[in-house]
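Down below is the structure, laid out as structure tokens.
The values are calculated or read from the model by the stated rules, or taken from the named source; none is laboratory data. These numbers were taken from a predicted model, which means no experiment stands behind them. Glycine gets a Cβ as well: all are built from the backbone with ideal geometry, and neighbour counts include every protein chain shown.
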Amino acid sequence: MSMPERPSMSVDEAIRRRRSVRGFLPCEVPDAILREVFKLAQCAPSNCNVQPWMPHVVSGEKLRRLREALVAAGMRDEPIKPDWPADGKFTGIYRERQVGAAQALYGAMGVARSDTVGRKFAYIRNHAFFDEPHAVFIFMPEPFDTREATDIGMYAQTLMLALTARGIASCAQGALGLFPDIVREQLGISPSYRLLFGISFGYEDHGVKANSARVDRAAIDDVVRFHR
Ligand SMILES: Cc1cc2nc3c(=O)[nH]c(=O)nc-3n(C[C@H](O)[C@H](O)[C@H](O)COP(=O)(O)O)c2cc1C
């Protein structure tokens, strides 16, 4: 399978082009490019330059085994045990946006709201990493919390933009943080490292229906307040 050509892209273009992709081709990203993007992501800013992120990049046989374990946990409805409470706090406009994103995704996949089995399978695809060849799980050490989590957000977006600029698609996934004990056990990570979320990445499969989903953003005048 031929690798997409490495594009040259402005920052603006990478920001605009990045979107969550949920279906990937089976070809791996070459090691040299993997190292290049993770080196670039190290440029992300952090409070006092503490760089609290601890990314674990998983591919190949390890990823296959992890996929099996996470999908099995999801299929048997094992109670989730995230290191941070799962979302349940979206109300008002935030709930509307959440529902809008879900409708865009399930609509693109052709899964009706009443189709509970279809929805479950669509959700479980999260645990299958959307068939992508790589995933990065981003941990941070105890006792870091909210403040350091903002640094992790900056790291994650820096990483995803570096990937985008090389024609590599990604999807940040809180769903990959729902069974952190399984991830820690399989990767040999100490319980003192807590998992925020994962990012699946690889080359987009344009034939996957979910990849036609698009979500919009609030208008700048609805969110930004300029003071002077
Ligand atoms: C921290 C974080 C966690 C996310 N978790 C998931 C997830 O578990 N599953 C999923 O399909 N998308 C997940 N997303 C993707 C969002 O749904 C997506 O970023 C949002 O709808 C905006 O769409 P876009 O990324 O295509 O611009 C997550 C995004 C972020 C930043």
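General observations
- Some residue of region 108-115 being in contact (Cβ under 8 Å) with a residue 24 or more places away in the chain and either closer than 23 Å to Ile80 by Cβ or within 13 Å of the ligand (Cβ to nearest atom) (or both): yes
- The number of residues in region 135-157 that are more than 13 Å from the ligand (Cβ to nearest atom) and not aromatic (Phe, Trp, Tyr) comes to 9.
- Applying the set (1) more than 28 Å from Glu96 (Cα to Cα); (2) without any contact (Cβ under 8 Å) to a residue 60 or more places away in the chain to Gly153 leaves exactly one unmet item: (1).
- Residue match in region 121-128 (condition: assigned to a loop (DSSP other than H, G, I, E, B) and at pLDDT below 95): yes
- The set of residues from region 160-214 being away from the ligand (no atom under 15 Å from the Cβ), out of contact with any Ser or Thr (no Cβ under 9 Å at 6 or more places or on another chain) and not in a loop (DSSP other than H, G, I, E, B) comprises Ala162, Asp181, Ile182, Glu185, Gln186, Leu187, Tyr193.
- Qualifying residue in region 210-226 (condition: surrounded by fewer than 21 Cβ atoms within 10 Å (Cβ to Cβ), over 18 Å from Ala104 (Cβ atoms), among the β-branched types (Val, Ile, Thr) and under 18 Å from the mean Cα position of the chain (by Cα)): no
- Test result for Arg225, within 16 Å of the ligand (Cβ to nearest atom), free of Cβ contacts under 8 Å to residues at least 40 places away in the same chain, among the basic types (Lys, Arg) and assigned to a loop (DSSP other than H, G, I, E, B): no
- Criterion violated by Met1 - all others in (1) touching an Asp or Glu at 6+ places or on another chain (Cβ under 8 Å); (2) modelled with pLDDT under 95 satisfied: (1)
- Unmet requirement for Gly100, which otherwise passes all of (1) at pLDDT below 95; (2) over 24 Å from Pro26 (Cα atoms); (3) within 11 Å of the ligand (Cβ to nearest atom): (1)
- Residue check for Asp87: closer than 25 Å to Pro191 by Cα, in contact (Cβ under 8 Å) with a residue 12 or more places away in the chain and surrounded by fewer than 12 Cβ atoms within 10 Å (Cβ to Cβ): yes
- Condition broken by Gly88, with the remaining ones in (1) modelled with pLDDT under 95; (2) closer than 15 Å to Ala169 by Cα satisfied: (2)
- All positions within region 183-192 that are touching a residue at least 40 places away in the same chain (Cβ under 8 Å) and surrounded by fewer than 20 Cβ atoms within 10 Å (Cβ to Cβ): Gln186, Leu187, Ile189, Ser192
- Any chance Ala135 is of a type in the set (Gly, Ala, Ser), more than 30 Å from Asp31 (Cβ to Cβ) and at pLDDT 95 or above: no
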